[in-house]
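First comes the structure, then the notes that go with it.
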Amino acid sequence: MNRLVLSAAAVAGTMIASSASAAVLMTCSTNDIKPTAQACVGFKAGNLLNNANLDAQTDALDLLGLTWTGATVEKLSGLSGAKTVNFTTQLKGISYIGVHYGNGQGGPGNGTAFYRIDAGAGLSSITLNYSASSNLVVFATNTGAPVPEPATWAMMVLGFGLAGYAVRRAGRATKVVRTA
């Protein structure tokens, strides 16, 4: 009986420890940065923008629609609470970034958020709505539009089919019959 209790306690302790490392401090918002993000994931507890957390980075980016290969475009550290972040590489099109905030005042706490933004024809800086910024990673830029979900594809195919049917039906209704 004691072994069973000890085993259960060990399993529970392991589950609590693993869930604490993936804890979400608060929910990020697309308005956390300017330009406004298309989507965000986080704020996840801790600094996830390092090599020790590649799985967490991959998972977050996957939720945003990026199949990440492990390569990064740019890494910026020592932000010291800056609210404006300038890039050395100009971002273009759909871009994916991660921002870590430390425990400084005006921040969400020691946490990391990941964002998908549309940088348009070119973007050389972003504005953060929180201070306490620590570091930032640009994971990808100029990736084009994210891949639509299967339901979106189905709706597009159905829409094209209905449009084609309507055009064909309208063509039949406007045929003129000539009589001699």
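A short reminder: the numbers here are calculations on the coordinates, not readings from a lab. Because the structure is a prediction, the values reported are computed rather than measured. Positions of Cβ are backbone-derived with ideal geometry, glycine not excepted, and every protein chain shown enters the neighbour counts.
Observations on the model:
- Residue-span extension gain [Arg169 to Met155] - 0.36 nm each, minus C-alpha spacing: 3.0 nm
- Amide H to amide H distances under 5 Å link Ile94 with Ala119, Asn142, Thr143, Gly144, where only residues 5 or more positions off or on other chains count and H is placed in the peptide plane.
- Within-15-Å neighbourhood charge of Ala60 [Cβ basis; K, R +1; D, E -1]: -2
- If the segment from Ala23 to Asp118 were pulled out straight at 0.36 nm per residue, it would be longer than the present Cα-Cα gap by 31.4 nm.
- If the chain linking Asp59 and Asn129 were pulled fully straight, counting 0.36 nm for each residue of separation and taking away their Cα-Cα distance, it would gain 22.8 nm.
- As a calculated quantity, the FRET efficiency between Asn31 and Thr69 at R0 = 22 Å, using C-beta atoms, amounts to about 0.15.
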